[in-house]
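Peer 1: Please read through the structure below; I'll follow up with questions.
The values are calculated or read from the model by the stated rules, or taken from the named source; none is laboratory data. Quick caveat, the model's predicted, so the values are computed rather than measured. All Cβ positions, even for glycine, are placed from backbone atoms using ideal geometry, and neighbour counts span all protein chains on display. Each accessible area value is taken on the protein alone, full model and side chains, heavy atoms only, with ligands, DNA and RNA left out. Shrake-Rupley method; radii C 1.70, N 1.55, O 1.52, S 1.80 Å.
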Amino acid sequence: MTKPSIPLSELQAEVQACHRCPLADGRTQTVFGVGNPDARVLIVGEAPGKNEDLQGEPFVGAAGKYLDQLLAVAGLTREDVYIANVLKCRPPGNRDPRPEEIEECTPYLREQTRTISPEVIVTLGNFATKFILKTEVGITRLHGVAKQAGRFKVFPVYHPAAALYDPKKREALEEDFAHLGALLGTVPRAE
């Protein structure tokens, strides 16, 4: 028998009250996630940045604006997807998450995933991809190809922030999101 999922509102309240790791002491607020609770696509990033910490929502800065453009390439909008991060609190100075922080935060992302029950999990960047796929293989080798992880299709792509500085990644990201749209049937397949 499968365990019933926790409603997102209850889970969000748990996250807001969380003090399992020292990140809670430096946060302005938690960044739980936003979007369609019945989404076919769950987008997972690494951790909140400064703007996300201030606004309490993932992907609100320049990378978020670019993510909106990429979603359009796939025939999607923010209203169609759910966006979350591995960590729910901002690491100081936007440093990489530490293993003990991930361990404390993992149950929240796991429950979000169970509750939303997406068809596809899109991992943004190296960190989220390695975490979700439990691999040491980097995003450069994995991006744009769907992998099966348990009952979920995982579709790794470069992080939108990386493409803001590297035009080659921008081209790859746009191709990958077009491929995602074809995979979902939200855009026609390229001939």
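Peer 1: Would you mind computing, in nm to one decimal, how far apart the modelled labels at residue 16 and residue 96 are, each placed 7 Å from Cα along Cα→Cβ?
Peer 2: Going from the residue 16 label point to the residue 96 one covers 3.3 nm.
Peer 1: Rounded to the nearest 500, what is the 222 nm mean residue ellipticity of the chain from helices alone, with -39500 (n - 2.57) per DSSP H run of 4+ residues and division by all residues?
Peer 2: Taken over the chain, the calculation gives -13000 deg cm²/dmol.
Peer 1: Given contacts defined as C-alpha pairs under 8 Å and at least six residues apart, what's the relative contact order of the chain, whole-number percent?
Peer 2: Details: 333 pairs, mean separation 45.4, N = 191.
Relative contact order for the chain comes out at 24 percent.
Peer 1: Name the residues whose placed amide hydrogens come within less than 5 Å of the amide hydrogen of residue 153, ignoring near sequence neighbours (fewer than 5 apart) on the same chain.
Peer 2: Those lying under 5 Å, H to H, from residue 153 are 121.
Peer 1: So, one more: Mind checking the dipole of segment 1-55: about its Cα centre, +1 per Lys or Arg Cβ, -1 per Asp or Glu Cβ, Debye to the nearest 20? Mind dumping the intermediate values first?
Peer 2: Numbers: 5 positive and 7 negative charges, 21 e Å.
Using Cβ point charges on Lys, Arg, Asp and Glu, segment 1-55 gives about 100 debye.
Peer 1: Over segment 89-191, average the accessible area per residue using a 1.4 Å probe and give it in Å², no decimals.
Peer 2: Normalised by residue count, the accessible surface of segment 89-191 is 54 Å².
Peer 1: State to the nearest 20 debye the size of the charge dipole of segment 79-191 about its Cα centre, where the only charges are +1 on K and R beta carbons and -1 on D and E beta carbons.
Peer 2: Approximately 240 debye in magnitude.
Peer 1: What residue among 179, 159, 19 has the largest mean-square fluctuation in a Gaussian network model of the chain, using Cα springs under 10 Å?
Peer 2: 19
Peer 1: Go through 82, 188, 17 and say which Cα lies farthest out towards the positive end of the charge dipole of the chain; charges sit on Cβ, +1 for Lys and Arg, -1 for Asp and Glu.
Peer 2: Checked the options; the winner is 188.
Peer 1: Okay, moving on. Considering only protein heavy atoms and a probe of 1.4 Å, how much of the accessible area of the chain is carbon and sulfur, as a whole percent?
Peer 2: 51
Peer 1: Give me P(r) over segment 27-169, computed from all C-alpha to C-alpha distances, binned every 5 Å, as integer percentages.
Peer 2: Calculated over all Cα pairs of segment 27-169, the distribution is 2, 10, 20, 26, 24, 14, 4, 0 percent.
Peer 1: Also, I was wondering about something else. Nearest 20 debye, what's the magnitude of the dipole of the chain about its Cα centre given +1 on Lys and Arg Cβ and -1 on Asp and Glu Cβ?
Peer 2: That gives a dipole near 360 debye.
Peer 1: Can you give the FRET efficiency for residue 119 and residue 79, using 1/(1 + (r/R0)^6), R0 = 22 Å, r = Cβ-Cβ distance, to the nearest 0.05? Working shown, then result.
Peer 2: Numbers: r = 17 Å, r/R0 = 0.75.
Efficiency at R0 = 22 Å is approximately 0.85.
Peer 1: Counting only complete DSSP H runs, which helices of the chain cover 15 Å or more along their long axis at the Cα atoms and score a mean Kyte-Doolittle of 0.0 or above?
Peer 2: Those that pass (Cα extent of 15 Å or more, hydropathy at least 0.0) are 62-73.
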